[in-house]
1. I'm trying to understand the selection: among the residues of region 191-206, which are open to solvent by 30 Å² or more (accessible area, probe 1.4 Å) and in contact with a Phe, Trp or Tyr (Cβ under 6 Å, 6 or more places away or on another chain)?
2. Out of curiosity, is L199 under 17 Å from I134 (Cβ atoms) and not hydroxyl-bearing (S, T, Y)?
3. From the set of residues in region 20-49 that are open to solvent by 60 Å² or more (accessible area, probe 1.4 Å) and touching a Phe, Trp or Tyr at 6+ places or on another chain (Cβ under 8 Å), which is modelled with the lowest pLDDT?
4. Kindly indicate which of L108, L129 is open to solvent by 40 Å² or more (accessible area, probe 1.4 Å), in a strand (DSSP E or B), in contact (Cβ under 8 Å) with a residue 60 or more places away in the chain and in contact with a helix residue (DSSP H, G or I) (Cβ under 9 Å, 6 or more places away or on another chain).
5. Given the structure, is D141 more than 29 Å from I44 (Cα to Cα) and either surrounded by fewer than 20 Cβ atoms within 10 Å (Cβ to Cβ) or under 25 Å from the mean Cα position of the chain (by Cα) (or both)?
6. Where in region 186-232 are the strands (runs of 3 or more DSSP E), entirely inside, with at least 3 residues that are out of contact with any helix residue (DSSP H, G or I) (no Cβ under 7 Å at 6 or more places or on another chain) and in contact (Cβ under 8 Å) with a residue 12 or more places away in the chain?
Amino acid sequence: MKLFKLLLIINILSLLLGCKKDEENQFLVGDIVGFVGLYDEEGIEVEDKSGVEVSISGLSITATTDENGRYELKDVPAGTYILNYSKDDYGVYKIFAYQFVGGNVPSLVYERSMYKQSSLNVKSLDISLEDETIYVTYETDETTYTACRFFLNDSSNVSNLNFDYCTDRMSLKTISKTHFTWPIFLDRIPYSLGDEIYLVVYFYNINDGSGYYNLKQDMIFYSSAKKASDVVSFILE
């Protein structure tokens, strides 16, 4: 009889604890609401902000912005995530270490801005070495609104996500100019004479000034980054 009562008590406690756990799990799920602003190559806000895909790394939960730039991610479990924003011709924007606690009230993400990528490309690219300095010269179409950045690596798969060294963003906000020459000083790069180096040029929307902080690579990235040249190789000699 005592054994029967003990088993009964254990079953009742299990049911109660199970209900409590289900209630807690239900509470730790909620919605995320946010907005995205889109801007053209000249930095003017785009009226139709639809078509931005928003996703959460590690989860199969996605949403797409409406014409007002609004999106809603539904039934998201509590946790710390990376939020990803992407749209053709606007690149990728990320929010790292986003902490979501869940609950009945939707969590609001303040508006993020994405800028249209430059329509320009590098038409020719030359590299020379003189007086402990690498000079990168390239030709492009006439422009007044863009910026550039060089990425270097000892591997041919160099990119804005895979590099040993990158320059600061350099403004090309000039009038009627198609040829540009930029210096890279040897004492700033992690290479020695005789090394083979690979370089690629990326263009940016000149108005894209805030960017996002990438925790993994400890630097600022910009959603409007676009590969603008082929990868070229040269030997330091």
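1. The answer is I206, and nothing else.
2. Values: under 17 Å from I134 (Cβ atoms): yes; not hydroxyl-bearing (S, T, Y): yes.
Spelling it out, L199 is indeed under 17 Å from I134 (Cβ atoms) and not hydroxyl-bearing (S, T, Y).
3. At the first step, the residues of region 20-49 found to be open to solvent by 60 Å² or more (accessible area, probe 1.4 Å) are 20-28, 35, 42, 44-45, 47-48.
Restricting the remaining residues to those that are touching a Phe, Trp or Tyr at 6+ places or on another chain (Cβ under 8 Å) gives 35, 42, 45.
Numbers: F35: 98, E42: 89, E45: 96.
Checking each candidate, the answer is E42.
4. Values: L108 fails: in contact with a helix residue (DSSP H, G or I) (Cβ under 9 Å, 6 or more places away or on another chain).
Sole residue among the options that is open to solvent by 40 Å² or more (accessible area, probe 1.4 Å), in a strand (DSSP E or B), in contact (Cβ under 8 Å) with a residue 60 or more places away in the chain and in contact with a helix residue (DSSP H, G or I) (Cβ under 9 Å, 6 or more places away or on another chain): L129.
5. Details: more than 29 Å from I44 (Cα to Cα): no; either surrounded by fewer than 20 Cβ atoms within 10 Å (Cβ to Cβ) or under 25 Å from the mean Cα position of the chain (by Cα) (or both): yes.
So D141 fails the test.
6. Ranges flagged: 196-204, 212-214.
Residues are listed down the side, and each one gets a yes or a no for (1) open to solvent by less than 30 Å² (accessible area, probe 1.4 Å); (2) farther than 16 Å from V29 by Cα; (3) touching a residue at least 60 places away in the same chain (Cβ under 8 Å):
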{"residue": "G51", "(1), (2), (3)": "no, yes, no"}
{"residue": "T62", "(1), (2), (3)": "no, no, no"}
{"residue": "Y90", "(1), (2), (3)": "yes, yes, yes"}
{"residue": "F96", "(1), (2), (3)": "no, yes, yes"}
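The values are calculated or read from the model by the stated rules, or taken from the named source; none is laboratory data. Note that this is a predicted model, so its numbers are computed, not measured. Cβ sites come from the backbone with ideal geometry, for glycine too, and all protein chains shown count toward neighbours. To get the accessible areas, we keep the full protein, side chains included, count just its heavy atoms, and leave off ligands, DNA and RNA. Shrake-Rupley method; radii C 1.70, N 1.55, O 1.52, S 1.80 Å.
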